[in-house]
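A short write-up of the structure that comes next.
Derivation of every value follows stated rules applied to the coordinates shown; laboratory data play no part. Since this is a predicted model, take the numbers as computed values, not measurements. Backbone-built Cβ (ideal geometry, glycine too); neighbour counts: all protein chains shown.
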Amino acid sequence: MKQKETKRLFLENLKKVPIIQVACEKSGISRATIYRWREKDKKFRKELEQALTEGEALINDLGESQLLSLMKEKNFSAIRFWLNHRHEKFKDRVEVTTKIEKQEELSPEQKAIVRKALRAIKQPEDKSSNK
């Protein structure tokens, strides 16, 4: 198969499944070949990035479609996920309240509370951390 045709086949496979290894296997070429082409051919590099973007968009659409199907089946986890990520009212948030009485500088205890709140905001995926 000519190199041009092989590149085209690889890019089409990548648009369907945006995983380089899978597209390589379906196209009958090695990852090393892809990376070599990517380094030597600027046009191919741009096409590869575009194919990955299109493939990821396709998979995202598929995932969203599956999520909506689960929601229609009254799957609570799916419903909660959707609301947490798409509805302002249900998004995770941190609320810090304190009463400061005419004090210019925070007490050490207040500083600790603020530091803890800021860490929680910076690292929301690690909710088990109690530092």
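Results, tabulated for the structure shown:
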{"read-out": "Protection-proxy order for peptides 44-53, 9-18, each taking the mean of Cβ atoms within 10 Å per residue, highest first", "value": "9-18, 44-53"}
{"read-out": "Cα-projected label distance for E109 with N60, points at 7 Å along beta-carbon direction, nm", "value": "4.7 nm"}
{"read-out": "Quotient of Cα Rg and 2.2 N^0.38 Å for the chain, N being how many residues it contains", "value": "1.74"}
{"read-out": "C-alpha long axis of helix 76-86 to longest principal axis of the chain, angle in °", "value": "80 degrees"}
{"read-out": "Contour excess over end-to-end distance, with Cα ends at F81 and T33 and 0.36 nm allotted per residue", "value": "13.3 nm"}
{"read-out": "Per-residue ³J(HN,Hα) for the stretch 43-54, Karplus 6.51 cos²θ - 1.76 cosθ + 1.60, θ = phi - 60°, Hz, x for Gly and Pro", "value": "5, 5, 4, 5, 5, 5, 4, 5, 5, 4, 4, 5"}
{"read-out": "Amide H contacts of V17 (H built 1.01 Å from N, under 5 Å, at least 5 apart or other chain)", "value": "none"}
{"read-out": "Whole-Hz ³J(HN,Hα) from phi, Karplus 6.51 cos²θ - 1.76 cosθ + 1.60, for the stretch 109-117, glycine and proline x", "value": "5, 5, 4, 5, 5, 5, 4, 5, 5"}
{"read-out": "Karplus-derived 3J(HN,Hα), 6.51/-1.76/1.60, for each residue of the stretch 3-14, Hz, glycine and proline x", "value": "4, 4, 5, 5, 4, 4, 4, 4, 5, 5, 5, 5"}
